[in-house]
Amino acid sequence: MRFSHKDKKDSRVARQSTYAFDYPSKLDQAPKEQGAFVLLNESSDVMYVGIASANCFEKTLAALIDTIATDKVVAFRWFVTECENSAKSLTQDWISKYQPNNQNIR
């Protein structure tokens, strides 16, 4: 399922990437706060939804490189939240909504 841009306006999102970044070459563009992220294929279908603790976006995204079907993942988007609980609930909601095929890997 394609990522819905309406989800960027979720009240739990404090700040988000303005566009999708190339994966994995642009991991250094990830923020230093906590939040949620989505990995996307060429069609902007959600392949994975994840959560990152403060200062761990880049590290968390990098850890997924060899654990999912990265040949299909071409981009990522990040969403900063005010607290880790908001990131967790946002992630759970998006997993339910998008039901990504690669979600069980990690």
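The values are calculated or read from the model by the stated rules, or taken from the named source; none is laboratory data. Predicted model only: the values in this text are computed from it and were never measured. Note: ideal-geometry Cβ built from the backbone for every residue, glycine included; neighbour counts use all protein chains shown. Quick note on the areas: whole protein, heavy atoms, side chains included, nothing else; ligands and nucleic acids left out. Shrake-Rupley method; radii C 1.70, N 1.55, O 1.52, S 1.80 Å.
Of all residues in region 59-78, count the ones that are among the hydroxyl-bearing types (Ser, Thr, Tyr) and open to solvent by less than 10 Å² (accessible area, probe 1.4 Å).
Final tally of qualifying residues: 0.
Does region 33-53 hold any residues that are open to solvent by 40 Å² or more (accessible area, probe 1.4 Å) and in contact with a helix residue (DSSP H, G or I) (Cβ under 7 Å, 6 or more places away or on another chain), and which are they?
Passing the criteria: Ile51, Ser53.
For Cys56, all conditions in the list (1) of a type outside the set (Gly, Ala, Ser); (2) open to solvent by 10 Å² or more (accessible area, probe 1.4 Å); (3) within 24 Å of Ser96 (Cβ to Cβ); (4) under 12 Å from the mean Cα position of the chain (by Cα) hold save one; what is the number of the exception?
So the condition that Cys56 fails would be (4).
Which one of these is more than 12 Å from the chain's Cα centre (by Cα), over 20 Å from Lys88 (Cβ atoms), of a type outside the set (Val, Ile, Thr) and at pLDDT below 95: Asp66, Asp22?
Asp66
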